[in-house]
Structure formats: C-alpha cells, structure tokens
Amino acid sequence: MKKLLFTLMILSFITACNDGKKEKSLENKSSRMDSIVAIHDELMPKMSTIGELQGKISAQLDSINPDSTKTAAIFQLKSANDNMMQWMKNFGSDFTFEEINKGETLSPEKEKLLTDYEKSVVELRQKMNAAIENAEAIVNNSDNK
C-alpha cells in the first residue's frame, strides 16, 4: 500500500512540475485527457488544505460535549480525501503514463472509460470544494467566538 501511495505521489509530483510544458507533438492528444489532468492538478493542493482543516476542527472538538457539526465536517473532509486517493489509484491503473501524458491513442473502450473519469473528476471537485467550504466556515465561526 505504501509503495502504491508513493508511486501515485511521484506521478502527481511529476505531472504538477511540468508547468504546462507537456509535449504537444502528437496531434491526437486528447483535450479531454488534458482537462481531466488539469482538474486533478487543481485538486492536488487541496489535499493539504483538507488535512489542515481536519486538524483544526479536531483540535476544537470537546470530548465531553461532542459537536455533531464538527464531527460531520471531519467525516466529509476524510471522505473527500479518501475519494481523491481512490480516484487517483483507479485512474493510474486504467491509463498508462503515455496515455495520460504523451497523448497515446486510446482504444474505444478507453475512450468510454475516459468519459466516465471526466464525469467523476468533476463530481470529485464539487465534493472536495464543498467539504473545504463547510470546514472553513466552521473554523472561521469558531475563531470568531
């Protein structure tokens, strides 16, 4: 499991460090794949935000008087984080490095799969953003008290 996580982190780091300098020499480079990778790259920094918010809310929890709103926010953040990790694992298993980064032609089956991933990454973005917004509101409300 640790090797898989490490591999995914390295792949994410390589992708994030490209700074838009990906090879565009292959004419059949899928703009949908580019879009999916761009959303992934947008979500990666939010993983640390999720961790920070989980820590802040956990520190605010009172073991004598547990706050269900805070507990639900932590669960929502953890779920968003777990969903992102699972999405990356699945995406990395279903597509090769060349298909993701080099524009290798996709089979019809993989084109269909790409459509599914396109929908799922948009849903993932919505869930992550909602979890972060909810948690930030809780942290900000607690800071103002």
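The values are calculated or read from the model by the stated rules, or taken from the named source; none is laboratory data. All values derive from a computational prediction rather than experimental measurement. As a convention, Cβ positions derive from the backbone with ideal geometry for all residues, glycine included, and neighbour counts pool all protein chains shown.
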Enumerated helices (runs of 4 or more DSSP H) restricted to the range 17-129, each holding at least 3 residues that are at pLDDT 95 or above and under 19 Å from the mean Cα position of the chain (by Cα): 31-60, 68-94
Pair list, Cβ under 6 Å, 6 or more apart: the range 34-53 residue more than 11 Å from residue 88 (Cβ to Cβ), other residue loosely packed, with under 14 Cβ neighbours inside 10 Å and of a type outside the set (Val, Ile, Thr): 41/16
Every residue from the range 99-145 that is of a type in the set (Gly, Ala, Ser), over 14 Å from residue 43 (Cα atoms) and surrounded by 14 or more Cβ atoms within 10 Å (Cβ to Cβ): 103, 135, 142
